[in-house]
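Trainee: Okay, handing you the structure first.
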Ligand SMILES: *Cc1c(COP(=O)(O)O)cnc(C)c1O
């Protein structure tokens, strides 16, 4: 493990945990955060050095990641994902789409699972299991197989065919469940106890978050260490939003960026919007969303163990949580595709949420906005092609 790590900390109670041990959730049942000696780190690395790194994609930030050294890197050819400028579609706004679909396995789940698998390997774990709506399972399968670890993937039976097939093909035991992602989570939890699997569910181990954190560092580096005014993020478990927020605090502590941080907008679907509901009631914790019907699978997450971390970031940044309509999402996806920008439905949902935020004056003229497209549009059903 990275020697600059001092300890781990419960995100809710701040109770501390020792490094160099296999950890999952805290005693309070909440996510653990990895804590670094940022002062020492800021003296040992300069942000200007990253651009000359020979390492693939986000691995260039390894001094800020939990792995003990470059030797632990498991690579499938990660890349710095581009910012696509779509400003000409807007009046007087700078809008950039961070296209995470360019990563291995076609989604940003690669960031988190590459780190979780690298750490599992350092800890000599053998068998990893995950509940997924599709992309996380595929990323786990690929990185675990690459690292020589076993993986079991549980997904709802209506998960897109392409995700089920790619996961199997990349070597994971793949099981379909008549239920939702949280039902899959329960099965993984049982298997953890009876089979000795390690559970790599969203935020239930500390390292996927560290991988997702690289989105925030990468964005800062791409924008010359000046973050945008607002970030729109399609929110399921919220790892990316929480990870970027953690990155902003760490970079600020090291003197790499200045405040204010970007306003964080969590985007969900009206068919499954627990974070939006909690935000509208000004609450810190979200209730389980009953009977979710959301079509964009990546954000069909009825309950998130890091709910308060998502909401804290929204409140602290003066952001918001916005629910968009499923059918409008597909129309938006099709409209953007006709202009040459093909997003995944979750990515299109962020563009739709931006339209809402412009209409109600939350986003102001001349602001710079970043939308996250979290997976390649090619993985999703298209008009004229059955799922
Ligand atoms: C997983 C996923 C999301 C949600 O990401 P979280 O960080 O878990 O909130 C959004 N879009 C796509 C395509 C995904 O695969």
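Trainee: Just to check your reading of the model, which residue among 264, 244 is touching a strand residue (DSSP E or B) at 6+ places or on another chain (Cβ under 8 Å), within 13 Å of the ligand (Cβ to nearest atom) and either in a helix (DSSP H, G or I) or free of Cβ contacts under 8 Å to residues at least 24 places away in the same chain (or both)?
Mentor: On the way: 264 fails: either in a helix (DSSP H, G or I) or free of Cβ contacts under 8 Å to residues at least 24 places away in the same chain (or both).
The match here is 244.
Trainee: Another question about this same structure. Does at least one position in region 193-214 carry a residue that is crowded, with 20+ Cβ neighbours inside 10 Å and either more than 22 Å from residue 141 (Cβ to Cβ) or without any contact (Cβ under 8 Å) to a residue 40 or more places away in the chain (or both)?
Mentor: Yes, some residue in region 193-214 is crowded, with 20+ Cβ neighbours inside 10 Å and either more than 22 Å from residue 141 (Cβ to Cβ) or without any contact (Cβ under 8 Å) to a residue 40 or more places away in the chain (or both).
Trainee: Which of the residues that make up region 45-95 are under 18 Å from the mean Cα position of the chain (by Cα) and closer than 22 Å to residue 4 by Cα?
Mentor: 57, 58, 59, 61, 62, 64, 65, 66
Trainee: Which ones in region 23-37 are surrounded by 13 or more Cβ atoms within 10 Å (Cβ to Cβ) and over 23 Å from the mean Cα position of the chain (by Cα)?
Mentor: Across region 23-37, the qualifying residue is only 37.
Trainee: Could you please let me know if residue 223 is within 16 Å of the ligand (Cβ to nearest atom), surrounded by fewer than 24 Cβ atoms within 10 Å (Cβ to Cβ) and over 27 Å from residue 199 (Cβ atoms)?
Mentor: no
Trainee: Restricting the search to region 54-78, which residues are surrounded by 13 or more Cβ atoms within 10 Å (Cβ to Cβ) and in a loop (DSSP other than H, G, I, E, B)?
Mentor: Let us first name the residues in region 54-78 that are surrounded by 13 or more Cβ atoms within 10 Å (Cβ to Cβ), namely 55-68, 72-76, 78.
Scanning region 54-78 gives 55, 56, 65, 66, 67, 68, 73, 74, 75, 76, 78.
Trainee: Given (1) touching a strand residue (DSSP E or B) at 6+ places or on another chain (Cβ under 7 Å); (2) closer than 17 Å to residue 208 by Cα; (3) surrounded by fewer than 19 Cβ atoms within 10 Å (Cβ to Cβ), where does residue 17 come up short, assuming only one miss?
Mentor: Here residue 17 meets the rest and fails (2).
Every residue, every condition in (1) at pLDDT below 95; (2) within 18 Å of residue 191 (Cβ to Cβ), yes or no:
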{"residue": "109", "(1), (2)": "no, no"}
{"residue": "116", "(1), (2)": "no, yes"}
{"residue": "134", "(1), (2)": "yes, no"}
{"residue": "138", "(1), (2)": "no, no"}
{"residue": "148", "(1), (2)": "no, no"}
{"residue": "156", "(1), (2)": "yes, yes"}
{"residue": "159", "(1), (2)": "yes, no"}
{"residue": "163", "(1), (2)": "yes, no"}
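Trainee: For region 79-129, what are the residues that are in contact (Cβ under 8 Å) with a residue 24 or more places away in the chain, farther than 21 Å from residue 231 by Cβ and more than 16 Å from the ligand (Cβ to nearest atom)?
Mentor: Within region 79-129, 117, 118, 119, 120, 121, 122, 123, 125, 126, 127, 128, 129 meet the criteria.
Trainee: Yes or no: residue 148 out of contact with any strand residue (DSSP E or B) (no Cβ under 9 Å at 6 or more places or on another chain) and within 10 Å of the ligand (Cβ to nearest atom)?
Mentor: On the way: out of contact with any strand residue (DSSP E or B) (no Cβ under 9 Å at 6 or more places or on another chain): yes; within 10 Å of the ligand (Cβ to nearest atom): no.
Considered against the rule, which asks whether it is out of contact with any strand residue (DSSP E or B) (no Cβ under 9 Å at 6 or more places or on another chain) and within 10 Å of the ligand (Cβ to nearest atom), residue 148 comes out as no.
The values are calculated or read from the model by the stated rules, or taken from the named source; none is laboratory data. None of these values were measured; they are calculated from a predicted model. With ideal geometry, Cβ positions are generated from the backbone for all residues, glycine too; neighbour counts draw on all protein chains shown.
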